[in-house]
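Below: one structure, written as structure tokens.
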Amino acid sequence: MKMRNRTKFHIQSLNQEKLLSKLCKLVPLEEIERKNKLESSFECSYFDSKRVEKFLKNNNVKILDVKHFGLAFQCKRVLSAYGLLLAVVVFLVFYLVQNQFVLQYQVNGTEKLDKFEVVEFVKDNFSSRKSDIATDEVEVKLMEKFDEISFVSCIIKGQTLVLNIKEKLLPDEMYSTFSPIVAQKDGKITKIDLISGTANVEVGDIVQKGDILVSPYMIDTSGNVKHVETRAEILAQVFNEGSCDHYESFIQVERTGKKVEESEVTLFGLSIYKFKQDVNFSLYEVEYENIDLTNNLFLPFKLKKTIYYELEEKVVESKFEDVQDEYIAKAREKALENCENCDTIIEEFYTLRHLSGITIVNYCIVTQEQIGGTYDS
Amino acid sequence: MFNFLEEIKENIRTPLELDSFNLINVAGHLLYVEGHLGLVTLSKELVSFKVKGGVIIVEGQNMILAELSENTLKICGIIKKVEQV
């Protein structure tokens with residue numbers, strides 16, 4: 001077998017000298033041999049053979065024979081002839097090898113158990129080769145390791161190890177954090193409906209927000225302390241307050257309507273143009289405004305406006321009697337804001353406190369609310 | 001590197017046009033040509049090709065064109081006569 005990558009053409013045409021002279025400008029030719037007046041043969045590089053063939057066809061030359069030599073041609077021939085077969089063989093080998101292993105783990109039926117923990121346990125204790133995994137043994141080991149498991153079945157489906165787990169029904173106390181019931185608001189206890197736990201307060205007690213109402217334990221007849229989950233409904237009278245102050249005279253600041261504007265055009269934070277005026281106001285407030293002059297990122301011109309508004313102070317005088325109802329309504333609104341979760345409004349009242357020039361309106365709404373615990377009948 | 005053809009050209013005192021083509025006959029069995037302008041005749045007994053200023057005719061026996069590129073060619077076989085017309 002010739003190792004050089006060559007292609008030998010055997011052609012038939014008229015005026016072969018002219019043809020070869022043209023062809024040699026395209027690719028170098030070798031071993032040119034005139035067979036007879038109409039036929040000749042020549043060799044060229046195997047990698048140029050396509051170009052030569054195209055050239056000969058374009059020049060209406062009859063190609064009698066084409067022979068390829070060399071390693072590159074042999075490799076290509078083997079690949080094209082046996083490529084599909086080779087791919088099938090490689091695929092089968094790969095499939096057979098990887099089919100021996102478990103690649104995926106599936107855990108079903110867990111609620112309290114951590115799936116990740118179960119999978120890690122199986123991975124650590126058993127091989128990933130399917131032939132080495134005894135499903136019975138996996139089931140027994142899982143039952144031994146995890147107390148929460150009541151029933152487990154293990155099967156290998158394809159390349160997935162499927163674990164179907166049924167968990168034990170354990171009492172809630174097993175998972176409880178035994179937290180006490182604390183008061184969510186200040187108030188006076190009106191009703192205690194205790195299901196479990198030990199009450200720390202009685203009806204009529206006044207409690208503050210954060211006080212422990214029910215402790216998460218019970219003491220049995222033998223004096224033993226037993227931790228339990230706290231469950232109770234505790235109702236209390238809650239005093240929701242809102243206040244509003246009225247001043248007989250106060251200074252009100254208002255805009256006069258005069259304003260001065262400053263403008264600045266910037267590009268990438270650099271000032272391009274600036275227009276500034278003197279601000280002669282003794283009292284003023286400032287507003288800033290940023291406007292994009294262009295909508296592109298290429299030249300992001302921006303206009304920065306600064307507006308100075310002149311202010312003036314006015315002394316406003318009003319008598320409380322004239323606006324009393326308005327202030328009481330305001331104080332009530334504030335009190336109602338604190339009654340988000342109230343069940344029943346028991347009573348409403350307000351008080352007025354007159355100081356020198358100030359009147360303070362206090363509005364109180366007494367409600368009955370559940371201030372701690374949950375109740376499941 | 002020593003270039004035989006360049007060396008010969010430099011040693012010639014009379015000014016001549018020497019850059020048109022080069023033709024080397026090796027032991028009457030190999031003819032190497034630089035600067036050809038295309039084949040005119042090709043057979044086992046006669047090969048002729050154009051060069052600048054004329055045509056070279058090569059006569060012999062069992063001659064083949066061992067190489068042919070854009071401006072060089074190599075003739076192998078028994079070379080009896082090389083003539084420029």
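Every read-out reported here was derived from the displayed coordinates using simple, explicitly stated rules and does not represent laboratory data. What you see is a predicted model, and the numbers here were worked out from it, not measured in a lab. Ideal geometry is used to build each Cβ from the backbone, glycine not excepted, and the neighbour counts take in all protein chains shown.
What shape does the protein assembly as shown take by its C-alpha gyration tensor, where a ≥ b ≥ c are the square roots of the eigenvalues and a/c under 1.5 counts as rounded, a/b above b/c as prolate, and the rest as oblate? Cα axes put the protein assembly as shown in the oblate bin. Full extension of the chain between A:Glu261 and A:Lys22 yields a length gain of 77.8 nm, computed as 0.36 nm times the residue separation minus the alpha carbon distance. Extending 7 Å from the Cα toward the beta-carbon at both A:Val97 and B:Ile57 defines two label points whose distance is 7.2 nm. Loop-resident chymotrypsin sites (Phe, Trp or Tyr not before Pro) (DSSP state other than H, G, I, E or B) in region A:210-299 with no more than 14 further Cβ atoms inside 10 Å of their Cβ: A:Phe268, A:Phe298. For trypsin sites (Lys or Arg not before Pro), the sites in region A:233-277 that DSSP calls loop and that have at most 15 other Cβ atoms within 10 Å are A:Lys276. What's the longest piece of chain A with no exposed GluC sites (Glu not before Pro), counting a site as exposed if DSSP puts it in a loop and it has at most 10 other beta carbons within 10 Å? That would be A:203-339. Using a Förster distance of 35 Å, how high is the FRET efficiency between A:Lys145 and A:Ile206, based on the Cβ-Cβ distance and rounded to 0.05? Once rounded, the FRET efficiency stands at 0.10. Here r is the Cβ-Cβ distance between A:Lys35 and A:Asn15 and R0 is 22 Å; the resulting FRET efficiency, rounded to 0.05, is 0.90. Could you tell me which residue out of A:Asn296, A:Phe178, A:Val228 lies farthest along the dipole of region A:175-333 toward its positive end? Charges go on the beta carbon: Lys and Arg +1, Asp and Glu -1, centred on the Cα centre. Of the options given, the answer is A:Asn296. Remark: spin-label model distance B:Val85-A:Gln324 equals 14.3 nm, labels positioned 7 Å along the Cα→Cβ axis. By its C-alpha gyration tensor, with a ≥ b ≥ c as the square roots of the eigenvalues, how is chain B shaped: rounded for a/c under 1.5, else prolate for a/b larger than b/c, else oblate? Prolate shape, in that a/c is at least 1.5 and a/b is the bigger ratio. The length gained by stretching the chain between A:Ile63 and A:Thr190 to full extension, at 0.36 nm per residue less their Cα-Cα distance, is 34.5 nm.
Distance between the C-alpha centres of region A:234-282 and region A:290-350: 11 Å, rounded to the whole angstrom.
Can you tell me what share of the DSSP beta bridges in chain A is antiparallel? A percent to the nearest 5 is fine. Given both bridge residues lie in chain A, the antiparallel proportion sits at roughly 95 percent.
Neighbour counting of Cβ atoms within 10 Å sorts the residues A:Tyr309, A:Tyr363, A:Tyr82, fewest neighbours leading, into A:Tyr82, A:Tyr309, A:Tyr363. Applying 1/(1 + (r/R0)^6) with r as the Cβ-Cβ distance of A:Ser127 and A:Val279 and R0 = 60 angstrom yields a FRET efficiency of 0.10. Applying a threshold of 28 Å to the alpha-carbon distances of A:Lys259/A:Lys302; A:Lys191/A:Lys330; B:Lys9/B:Lys44 flags A:Lys191/A:Lys330; B:Lys9/B:Lys44 as lying beyond it.
Note on A:Glu313 and A:Phe55: their simple-model spin labels are 10.2 nm apart, each label 7 Å out from Cα toward Cβ.
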